[in-house]
Amino acid sequence: MNAKRTILFSLGALAGLLLLIGLMAGIFRDRTEPGVLAQSPIDDGDSYTVALRDVPAVESIAASVEARETTIIASRLLARVEQITMRAGDYAQAGQLLVTLENEDLEAQVAQTSEAMKSVEARLIEARQNRDRAVELHERKLIADADLDAANANAAALTAELAAAKQSLEIAKTSLSFAEIRSPIAGRIVDRFVEPGDTVSPGQSILSLYNPVSLRIEAWVRESLALSLKEGQEVAVEIPALNSRLTARIEELVPAADPGSRAFKIKATLPAAPGLLPGMYARMLVAGSPQHVVVVPLDRIAEVGQLNIAWVNSDAGPARRFLRLGERVDDEHIIVTAGLAPGDELLMPPG
């Protein structure tokens, strides 16, 4: 009995496997016989004669968006960071408090210097009183000239000491002000290099920020093209990431070429635009001399997969040509770099 069940189970499994193979092979679907599909007729009455056309050459130059006004916030003290009020991406106003450093020792130094100055002031008052008494006694011939000179010298020395104490107090107050770091410009925080609790040394970077309304592009332009550019000239700029085109104004042409690339650095000011950030890739479009190229209407070209095809009227009838396309001239015409020659008659694509 068990052997019979085993045989039936094996036959069922085999039948299921054969059915699955048949489905995958398409046995149960209608098949189309091989052959060539009928093609719509081509209208050879409506033809377009290919001719050369003068088109302004536009050279696309790789560029980068940079911040014209940028700054690094650094410490001027050896101290522990107590507070940082900004993070990357935050906006800061000019003069806004950004970082607070530990300042107990600086406050003590200010208090100590202030008390020392008060001590000198008290001694100076006494010295001036002694000098006045010495002058009076000297006039009455009761003290020698040396005693009067000593009183004058003591008062002058304490006057100088008081001036030095005042300068020391100003220095201490200035050092104390370094414990509060404020934004020198209105801008956006780019990066934050330390965290509260870290100890920073003089010159160590804490924050970096830039002015988002003072962006520009920088590009290396080949020497033959760069010499034709002028300061104040407007150029078109494409930002591929934003899918936008802006108009920039050239503000600086570095008057020295790079020896390796023989190119000049060009800097052009950009208008403020939403989403525009430093470091973005850009393309600067510079117009050159007109070029003679083949320009045809877009409706005369058909796309088949990744191929661009046009039909040309020939003695043997419509002939298919594979084309290599360039950039668009406008919304209705495009440059053809290979596949057509002046005098060819283009027909409307079938279908």
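The values are calculated or read from the model by the stated rules, or taken from the named source; none is laboratory data. Given the structure is predicted, the values throughout are model-derived calculations rather than measurements. Here Cβ is always computed from backbone atoms with ideal geometry, including for glycine, and neighbour counts include all displayed protein chains.
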**Request:** Could you tell me whether L229 is more than 22 Å from E69 (Cβ to Cβ) and in contact with a Gly (Cβ under 7 Å, 6 or more places away or on another chain)?
**Result:** no
**Complete:** Exception for R192 within (1) surrounded by 15 or more Cβ atoms within 10 Å (Cβ to Cβ); (2) out of contact with any strand residue (DSSP E or B) (no Cβ under 7 Å at 6 or more places or on another chain); (3) charged (D, E, K, R) falls at (2)
**Asked** Quick one: which of L277, L225, L285 is part of a helix (DSSP H, G or I), surrounded by fewer than 18 Cβ atoms within 10 Å (Cβ to Cβ) and in contact (Cβ under 8 Å) with a residue 24 or more places away in the chain?
**Response** L225
**Asked** What number of residues in region 311-347 are modelled with pLDDT of 80 or more, in a strand (DSSP E or B) and within 27 Å of E59 (Cα to Cα)?
**Response** 11
**Message:** Yes or no: region 96-112 includes at least one residue that is at negative phi, in a loop (DSSP other than H, G, I, E, B), surrounded by fewer than 18 Cβ atoms within 10 Å (Cβ to Cβ) and under 28 Å from the mean Cα position of the chain (by Cα).
**Reply:** yes
**E251 being of a type in the set (D, E, K, R), without any contact (Cβ under 8 Å) to a residue 24 or more places away in the chain and assigned to a strand (DSSP E or B)** = no
**Identity of the residue in region 195-213, small (G, A, S) and part of a strand (DSSP E or B), that ends up farthest from the chain's Cα centre (by Cα)** = S205
**Fill in**
Filtering region 311-342 down to residues that are touching a residue at least 40 places away in the same chain (Cβ under 8 Å) and within 13 Å of V293 (Cα to Cα) yields E327, V329, I335, V336, T337, L340, A341, P342
**Count of residues meeting criterion [part of a strand (DSSP E or B), surrounded by 15 or more Cβ atoms within 10 Å (Cβ to Cβ) and not small (G, A, S)] in region 228-238** = 3
